[in-house]
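Only one structure is covered here, and it is reproduced in the block below.
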Amino acid sequence: MPSPVPNPLPVPCPVAREGGSAALERIRGVMADAGFLQSDVTEQLDLPSILALATKTRSELLARAAGDTARDVLIRLFTLAEPVDPDTVACALGASLRDDFHSFGFIRLANGGDRATVSITPVRGLWIASDIAKSGELRPSDFVMGIGTSTQTLDTLTVRRRCDRALDLGTGCGYHALLAAVHAETVIGTDINPRAIRMATLNAAINDVLNVQWRLGSFYEPVSRETFDLVVSNPPFVISPENAHVYRSAGMSGDGVTETVVRGAAQSLNPGGIAQFLCNWAHLKGTDWHDRLAGWVEGSGCDLLVLRSETLEADEYAAYWVQHTREESSEPLAERVNRWRASYAELGIEAASIGLVLLRKRMNASDSPWARFDDAPRSMLGGASAAVLRRIEVEDALQDLSDAELLNASLRISNAVRIEHTLRPTDGGWGMEHASARLVEGLAYATGTDEGGMHILMQSDGSTPLRAILMQLAPKLGCPFDEVAPTILSMVRSMVRRGYLDLPGSG
């Protein structure tokens, strides 16, 4: 199977040209004035999010941007990769600005029409350039992806607190580095793909971000003797036998990329620093995956929090990713799926999970780190930075909290909890048929609960000790207190971890 060739189109490079800064200021101005912004574009295209173009047909999208206003033209050029008549572009944007777009490489004239050389996505107050993904065409080997679902998920989960230094490992188009530049004094973005470094440099220039440095190199090599308060990475994590595309594969067997970024994080973190990776990991035959991931950080002085979003059996995983990367190969899908499955069987991979892996470097090397594994919520509402920080603090507190101390604590139900229940008529009045509790912000866990869980939530008013609540509950469950307490305490710890209940002094 031949490997795709590099992208023949150069990345626009206005910062290296005379007058580039002034031209970029004019380009920023016209995009802002035209409303080429996230909220305006999604409203005009009737999309639930800026990444939801696939929910509508191309004809529907083009019909919604068929006018000759500056925003219509910018959407057709940079969102939909549609050729636009040069006179229409000049009329909508101004002849001199059209010249700027052309001279600095954002637009080229092809077959009588103006065509964008990059996609530009307005998102989170930024304009992010990336390579254009063309349906039905094989992607170049150095293709630079734009913002995808995993990109946004990592953004949502990233801890946003003021810090001195941040690292975006495998920066790609530079999105995570540019977001970190808002709350970090200095940010470094690294990537092994020279085209990605050029694209990230372009995006910093488009958005006038000055406190980010870009370095070419593999994994932690470009920052081998430096440390950071925050490390983020959405690495090329797909477990694949292929290595044709830099953005998705890094030439390592199995989940070697994930293991490399996780193992290397500890030496790159300052005390108290946090590393966050959205990645895949393998379930190997005869090996507990919890133990395997914990082994990657053993002796590092780091706490480990893993929030698993999904697990697929090896055959399902192969079918899923072959289908979702069909524009990376001309090989027939069935043959490619079989080749991937054979590779997994040879490596002893039975399944694969996707999720967040978080490390926190202990302030004191003598402290005993903890390792926790949980399922991620099915939804996240708004930024989950505060919820992630809270989870770390809660794990610290629970590690030092004995069962006796927990029983004497007066817990409080979180303000973010919403309880729903269905009652049914009984001989004695009404009985509970179903109950559920959910969170309406951050890590928005939702779960069904039984009568015992409902009782604990509704009686946790911040002034009643948990012991007293359990003493009331035990007779209702028909069990002695000493028998019910261990199970209930385990459930309460889970409720505290997930944010349903707050410990005294928190929340």
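The values are calculated or read from the model by the stated rules, or taken from the named source; none is laboratory data. Computed from a prediction, not measured in an experiment: that's the story for all the values here. Don't worry about glycine lacking a Cβ; one is built from the backbone with ideal geometry, like all the others, and counts go over all protein chains shown.
Within the range 420-449, count every residue that is of a type outside the set (Ser, Thr, Tyr) and either in the same structural domain as Met380 (by TED's automatic domain parsing) or at pLDDT below 90 (or both).
Residues meeting the conditions: 15.
Before we move on, is Glu43 among the acidic types (Asp, Glu) and assigned to a helix (DSSP H, G or I)?
yes
Quick one: Lys134 ticks every box in (1) charged (D, E, K, R); (2) outside any loop (DSSP other than H, G, I, E, B); (3) over 23 Å from the mean Cα position of the chain (by Cα) except a single one, so which number is it?
That leaves (2) as the condition not met.
Could you please let me know if Val297 is farther than 17 Å from Ala351 by Cβ and modelled with pLDDT of 95 or more?
Against the criterion (farther than 17 Å from Ala351 by Cβ and modelled with pLDDT of 95 or more), Val297 qualifies.
In the range 154-182, how many are part of a loop (DSSP other than H, G, I, E, B) and either under 18 Å from Phe237 (Cβ atoms) or of a type in the set (S, T, N, Q) (or both)?
Summing the residues that are part of a loop (DSSP other than H, G, I, E, B) and either under 18 Å from Phe237 (Cβ atoms) or of a type in the set (S, T, N, Q) (or both) in the range 154-182 gives 5.
Exactly one condition in (1) modelled with pLDDT of 95 or more; (2) within 25 Å of Asp450 (Cβ to Cβ) is false for Ala397; which is it?
(2)
If we scan the range 218-232, do we find a residue that is in contact with a Ser or Thr (Cβ under 7 Å, 6 or more places away or on another chain), closer than 23 Å to Pro12 by Cβ, crowded, with 24+ Cβ neighbours inside 10 Å and in the same structural domain as Leu307 (by TED's automatic domain parsing)?
no
Is one or more of the residues making up the range 78-87 among the acidic types (Asp, Glu), within 30 Å of the chain's Cα centre (by Cα), loosely packed, with under 13 Cβ neighbours inside 10 Å and part of a helix (DSSP H, G or I)? Can you show your working first?
Within the range 78-87, the first condition is being among the acidic types (Asp, Glu), and the residues that meet it are 82, 85, 87.
Subset that is within 30 Å of the chain's Cα centre (by Cα): 82.
Among the residues that remain, those that are also loosely packed, with under 13 Cβ neighbours inside 10 Å are: none.
Checked against the condition, which is being among the acidic types (Asp, Glu), within 30 Å of the chain's Cα centre (by Cα), loosely packed, with under 13 Cβ neighbours inside 10 Å and part of a helix (DSSP H, G or I), the range 78-87 yields no hits at all.
Can you give me the ranges of the strands (runs of 3 or more DSSP E) entirely in the range 183-285 with at least 1 residues that are within 28 Å of Ser21 (Cα to Cα) and not β-branched (Val, Ile, Thr)? Break it down stepwise before answering.
Details: elements: 184-191, 212-216, 228-233, 269-284.
Because the criterion is at least 1 residues that are within 28 Å of Ser21 (Cα to Cα) and not β-branched (Val, Ile, Thr), the strands (runs of 3 or more DSSP E) in the range 183-285 that meet it are 184-191, 212-216.
Considering only the range 347-386, state which residues are surrounded by fewer than 19 Cβ atoms within 10 Å (Cβ to Cβ), assigned to a loop (DSSP other than H, G, I, E, B) and either among the polar types (S, T, N, Q) or under 15 Å from the mean Cα position of the chain (by Cα) (or both).
Answer for the range 347-386, where residues must be surrounded by fewer than 19 Cβ atoms within 10 Å (Cβ to Cβ), assigned to a loop (DSSP other than H, G, I, E, B) and either among the polar types (S, T, N, Q) or under 15 Å from the mean Cα position of the chain (by Cα) (or both): Asn364, Ser366, Ser368, Arg378, Ser379, Gly382, Gly383.
In the range 405-420, which residues are without any contact (Cβ under 8 Å) to a residue 40 or more places away in the chain and not aliphatic (A, V, I, L, M)?
Glu405, Arg418, Glu420, listed by residue number.
Check whether at least one residue in the range 455-476 is on the phi > 0 side of the Ramachandran plot and surrounded by fewer than 15 Cβ atoms within 10 Å (Cβ to Cβ), and report yes or no.
Scanning the range 455-476, I find at least one residue that is on the phi > 0 side of the Ramachandran plot and surrounded by fewer than 15 Cβ atoms within 10 Å (Cβ to Cβ), so the answer is yes.
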